[in-house]
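To start, the structure under review is shown below, and the notes come after it.
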Amino acid sequence: MALSIRRGDKVKILAGKDRSKTGKILRVDKKKNAVIVEGVNLMKKHSRPTQKNPKGGIIQTEGPIHLSNVQLVCPSCGEITRPLMKKSEKERARLCRKCQAQI
């Protein structure tokens, strides 16, 4: 099944501890149906000393969020929307359901 959101899209978080925050998608995992959003769902990871990080310590990274908990934000009208897939002869386009602008 084709996903309606892609890397670089702006999304709004609908559920969880970071509800109502918005951010840009950094990565999409199709197998797990999850996305990683910039600055949202921060998790702390303990790391050992390595050559790259000689001190080690605690690193904050973004954790995955399930696709059902995020929704696309239209760049033109700024509203959350489920994109409408419009198929022409040469290409597929995603349209905003509210303002009909191409995403």
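Read the figures in this text as sums done on the coordinates, not as results from a lab. Predicted, not measured: the structure shown is a model, and the values here were computed from it. Neighbour counts run over all protein chains shown; Cβ positions are idealised from the backbone, glycine included.
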Worksheet item: Taking the range 56-73 only, how many residues are within 19 Å of Leu14 (Cα to Cα) and exposed (fewer than 11 other Cβ atoms within 10 Å of the Cβ)?
Response: 1
Discussion item. Just the residues that are surrounded by 13 or more Cβ atoms within 10 Å (Cβ to Cβ), assigned to a strand (DSSP E or B) and of a type outside the set (A, V, I, L, M), please, taken from the range 2-40.
Written reply: Lys10, Lys12, Thr22, Gly23, Lys24
Discussion item. Suppose we filter the range 38-68 for residues that are in contact with a strand residue (DSSP E or B) (Cβ under 9 Å, 6 or more places away or on another chain), over 16 Å from Arg27 (Cβ atoms) and among the polar types (S, T, N, Q); how many remain?
Written reply: 3
Discussion item. Kindly evaluate Asn53 against the criterion of being surrounded by fewer than 17 Cβ atoms within 10 Å (Cβ to Cβ) and within 13 Å of Arg6 (Cα to Cα).
Written reply: no
Practice prompt. Can you confirm whether the range 74-93 contains a residue that is loosely packed, with under 12 Cβ neighbours inside 10 Å and in contact with a Pro (Cβ under 6 Å, 6 or more places away or on another chain)?
Written response: no
Worksheet, complete the sentence: Filtering the range 66-89 down to residues that are part of a strand (DSSP E or B) and basic (Lys, Arg) yields Lys86, Lys87
Fill in: Single residue of Gly57, Gly78, Gly39 found to be in contact with a His (Cβ under 8 Å, 6 or more places away or on another chain) and at positive phi
Gly57
